[in-house]
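Note sheet for the following structure.
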Amino acid sequence: MSSTPRWSRGLAVAAVVGTAGLALTACAPSAPSTPSGAGSGSAGDATSITVGMEAGSPHEAFYREMAAEFTEETGIDVEILGVPHDNMHQQFLSDAIAGGGAYDVLTVDQPWIAEFAQNGYLAPLGDRLEDADRDDFVEHTLDTVTYDDELYGLPFLVHNLVTYYRPSMLEAAGVDGPPTTWEEYRAAAAATTDPATGVFGTMVPGNRDGEVATRFESYIQQSGGDIVDEDGAPAIDSPEAREAFDLMTGIQFEDGSSPEGLHDLSAMQGQFLEGKVAMISIWPYLWAQATDPAQSKIADDVAVALNPGNPDQVGTTFSWGFGVSASSDAQDAAWQWVSWATSSDVLARKAIEQLSPVPRTSSMETLAGSAELSQADRDALAVFSESVENSTTMPMTPAYAQYQTAIAEAVSAVMSQQQTPDEALAAAQSEMEQAAGR
């Protein structure tokens, strides 16, 4: 799995944004036949629930603080069980396979949604969500918790990659604002590169991990394609993927605007915060750290913009959310938590505290007028939201983990110059088709 740090005003924790390991498979019960949670699992009069969350994360800290308010409003006691990040998937999966019901609410990383839903481990929620609430979620955000046209959760964090840049470096190089196209991006990166001082225009990812796969998927979408076709079949061996490789290899090997080596997320964000890079594509969590003088050497010289496009200024969107365990005996009470924890007011407070994007339009409107945020913070949050609204998500398939592994192998092979793009894409296409059973 690929771990991506998230920050809450300087608090660092590890979190999965995309899974690059093999998906786990097991014999499982069929999906529940009652979407509303009626029947033996309904327990409408339940007075307590258990919520499984990532131990040590800012999300766990926030909701622990808020749990008493939920209890006061609903009369339902909440026990939050922290699960170490690296154990979350396996622990939730093991409990679901056994039908143990240890958790009523699961904190779900998006790549798990399809796997858990297909095997009947999450209760469908589409019939529970009111139209007014559905309409309040930013466009595409509910797609991140939907499998086979059914809703299996509600997101509390939906985000994608955006471009962080240093305005002073672009201005000094004669670049008029953040680039909006790949051509402009390459030119700006070249103009701000000075190897003699160890300063580069950007950094191209190449390490074999889920992060590099996520970035490559975004590049393909920026070029107007995707890693699957309209029927959901793998389509990585495409002209758009070749264009993505042209961009990456052009910056790295032709322009020399990226340092030598196979870079991972940690190196990329570290070099940017040290003032050694003019532009970088990173998740929204970096904003709180980048603007904190205690953690960043560029705190007074950083801004964010939509990623450049060829032609689309987008980034693959991912989420974390809450789902109701299909083996819970308190599904009605669990749904009350899911609904409350992703409500407009709660998400607005979470965004203000953590400087993180939120998936509700009404919450974003609250942030736009919040006196608790600086204008720079409000502008950054607006960019994060706009990027999500303009973008689409990953393929919602149980094979996604294997897709990411194949993509990471392809990118690493090309950026280490062990394979040509044609060779790497052909191999990735074959691996993805095998994973999809095609």
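A few comments on the model shown:
- Residue in segment 251-259 that is among the aliphatic types (A, V, I, L, M) and under 19 Å from residue 220 (Cα atoms) present: yes
- When 162, 105 are screened for being closer than 17 Å to residue 320 by Cα and open to solvent by less than 30 Å² (accessible area, probe 1.4 Å), only 105 passes.
- Of the strands (runs of 3 or more DSSP E) contained entirely in segment 278-375, those carrying at least 2 residues that are open to solvent by 10 Å² or more (accessible area, probe 1.4 Å) and in contact (Cβ under 8 Å) with a residue 40 or more places away in the chain fall at 303-305.
- Residue 92 meets all of the listed conditions (1) within 24 Å of residue 357 (Cβ to Cβ); (2) among the hydrophobic types (A, V, I, L, M, F, W, C); (3) buried (at least 20 other Cβ atoms within 10 Å of the Cβ); (4) more than 18 Å from the chain's Cα centre (by Cα) but one, namely (1).
- For segment 146-173, the set of residues classified as closer than 29 Å to residue 289 by Cα, part of a strand (DSSP E or B) and hydrophobic (A, V, I, L, M, F, W, C) consists of 154, 156, 157, 158, 162, listed by residue number.
- Any chance residue 170 is surrounded by 19 or more Cβ atoms within 10 Å (Cβ to Cβ) and more than 22 Å from the chain's Cα centre (by Cα): yes
- Test: residue in segment 239-253 that is part of a loop (DSSP other than H, G, I, E, B) and open to solvent by 10 Å² or more (accessible area, probe 1.4 Å): no
- Residue count for segment 218-238 under the criterion of being under 18 Å from residue 206 (Cβ atoms), out of contact with any helix residue (DSSP H, G or I) (no Cβ under 7 Å at 6 or more places or on another chain) and open to solvent by 20 Å² or more (accessible area, probe 1.4 Å): the result is 0.
- Taking segment 254-268 as the range and being part of a helix (DSSP H, G or I) and either more than 17 Å from residue 307 (Cβ to Cβ) or open to solvent by 20 Å² or more (accessible area, probe 1.4 Å) (or both) as the test, the residues that pass are 254, 255, 266, 267.
- Residue identified as in a loop (DSSP other than H, G, I, E, B) and of a type in the set (D, E, K, R) among 86, 176, 143, 95: 176
- Residues being in a helix (DSSP H, G or I) and open to solvent by less than 10 Å² (accessible area, probe 1.4 Å) - total across segment 376-400: 6
The values are calculated or read from the model by the stated rules, or taken from the named source; none is laboratory data. The model shown is predicted, which means the values in this text are computed figures rather than measured ones. Counting neighbours? That spans all protein chains shown, and the Cβs are built from the backbone with ideal geometry, glycine included. The accessibility values were calculated without ligands, DNA or RNA, using every heavy atom of the protein model including side chains. Shrake-Rupley method; radii C 1.70, N 1.55, O 1.52, S 1.80 Å.
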